[in-house]
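Colleague: Right, I'll just put the structure down here and ask away after.
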Amino acid sequence: MQGKNSIDRGMRIMGGVVLIVLGATIGNLETVSRVVAILVGIYAFITGILNFCPLIQGIAREKEVQRKKTAANHTMRVSDVKGLEFFTEFSEEEIDRILSQCQLKEYTEGETALAEGSLKRRTLSIIYSGQFKIVKAVSDLESKIITTISDGEAYGEMSFFDNRPPCASVISIEHAKVLEIGEEAYDVLIEEHPKLAIKMYNRLLRTMSGRIRALNEQIASLGNWVLQGRLQSNI
């Protein structure tokens, strides 16, 4: 019914325009006929517009409601995240500024959030909920899980700052929600709140340092295992 009414309103507007044009341009019409055609055309046009306006307003209201629902599902408040590890060193005002540049993204179980060797866009990600595994390919057929990360931890920081493809993949272990900051959004932070951007940078440097240390320990353990294997084989 609503579609039929929309067509009727549209035809009324179009018919009114046609009558106005014909009444004004056809030269062999009598004055009375010309005036009648123009008046009828104006009436049809005005009533069509007036009847069409509620429909337009209804569509606009529906779009606004949908936009608010989407925004509600994809934004975070300070109280939602201030307990996460990443944000413990930031004030509520600073967290609010960071969140203003974040987008909330969801990942299903087994979905690749970051692919090794592929850099589509520079994005820094902070896990709001869920777990991810960091996986390194050791051959064409085999991969090794380096570690797992969860709520409050970040990933993608190395590629974000050096603009090079990731050296490992990040894959969701379960349904997860992640706060993502793109390079354009981070540039806004640098321009508008440089001290906060530097504070985030320092926080991420410590994250990278901790992971490098953990990787060095894994390498050292692997080296000791190989050395012990060789010593035993020589005995």
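Colleague: Could you identify the single residue in SER91, SER118 that is more than 24 Å from PRO194 (Cα to Cα), in the same structural domain as VAL188 (by TED's automatic domain parsing) and either among the acidic types (Asp, Glu) or without any contact (Cβ under 8 Å) to a residue 60 or more places away in the chain (or both)?
Modeller: None of the others qualify; the one that does is SER118.
Colleague: Would you confirm, using the coordinates I've provided, whether SER79 is surrounded by fewer than 14 Cβ atoms within 10 Å (Cβ to Cβ), polar (S, T, N, Q) and either over 24 Å from GLU192 (Cα atoms) or modelled with pLDDT under 90 (or both)?
Modeller: Yes; evaluated as a whole, the condition is true for this residue.
Colleague: Quick check on my filter: what residues within the range 152-197 are of a type in the set (Lys, Arg) and either under 21 Å from GLU106 (Cβ atoms) or buried (at least 20 other Cβ atoms within 10 Å of the Cβ) (or both)?
Modeller: LYS177
Colleague: Return the residue satisfying two criteria in turn: it lies in the range 159-181 and is in contact with a strand residue (DSSP E or B) (Cβ under 6 Å, 6 or more places away or on another chain) and outside any strand (DSSP E or B), and of such residues it is nearest to SER100 (Cα to Cα).
Modeller: PHE160
Colleague: Another question, if that's okay. Taking into account only those residues within the range 202-217 that are closer than 27 Å to GLU106 by Cβ and not small (Gly, Ala, Ser), which is farthest from the chain's Cα centre (by Cα)?
Modeller: ARG211
Colleague: Then there is this: For residues in the range 132-141 being at pLDDT 85 or above and not small (Gly, Ala, Ser), which is surrounded by the most Cβ atoms within 10 Å (Cβ to Cβ)?
Modeller: Residue satisfying both the conditions and the ranking: PHE132.
The values are calculated or read from the model by the stated rules, or taken from the named source; none is laboratory data. These numbers come from a predicted model, not from an experiment. So basically every Cβ, Gly included, is an ideal-geometry build from the backbone, and we count neighbours across all protein chains shown.
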